[in-house]
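First the structure, in the form of structure tokens, and then the observations on it.
The values are calculated or read from the model by the stated rules, or taken from the named source; none is laboratory data. Computed from a predicted model, the values in this text were never measured in an experiment. Every residue, glycine as well, gets a Cβ built from its backbone with ideal geometry; the counts of neighbours run over all protein chains shown.
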Amino acid sequence: MIPAMRNANASHVDFGFLRGMIPTNPSFMPSNIDMIIERRGEFIFGEWKREGEKMTVGQRILLLALSKMHTVLLITGHVDDEAHVSKVQVVTCNGKLNLIGNSKEDLITYLQDWYNAVEKRKK
């Protein structure tokens, strides 16, 4: 498989150097988002988690806030040698998770449907 990332060797950013930057809220830290897609001013944010991987409280708060303005997906799986997806959920604006699929194909179909819906709305 040919990597599609602009820099396939890019590492995760360690934000540890920012720990404690807000003395009154020392646990305040940046969060990273694994996937962002934009089409005609509309966005999908995707957070990938491995089976059993926990999400921090701060990241939950971030994804919930984003879900009030944009589409947010929680994807269980990984992309090590090849893509493996075992669950795809939409984060609703009230914090619930709606299952939309259990495979890489389900994720692709959802993204294609989203793209086509944006195209229809923005014409």
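Structural remarks
- SER67 falls short of the stated requirement of being among the hydroxyl-bearing types (Ser, Thr, Tyr) and surrounded by fewer than 15 Cβ atoms within 10 Å (Cβ to Cβ).
- Test: residue in the range 89-103 that is surrounded by 10 or more Cβ atoms within 10 Å (Cβ to Cβ), among the aliphatic types (A, V, I, L, M) and more than 22 Å from ALA65 (Cα to Cα): no
- Filter result (in a loop (DSSP other than H, G, I, E, B) and among the aliphatic types (A, V, I, L, M)) within the range 21-80: MET21, ILE22, MET29, ILE33, MET55, MET69
- Note on the range 6-45: among residues that are farther than 24 Å from MET55 by Cα and exposed (fewer than 10 other Cβ atoms within 10 Å of the Cβ), the one that is modelled with the highest pLDDT is GLY41.
- Taking the numbered list (1) surrounded by 15 or more Cβ atoms within 10 Å (Cβ to Cβ); (2) modelled with pLDDT under 95; (3) not β-branched (Val, Ile, Thr) in turn, ASP81 passes all entries but (1).
- Within the range 36-95, the set of residues being farther than 20 Å from GLN112 by Cα and polar (S, T, N, Q) comprises THR56, GLN59, ASN94.
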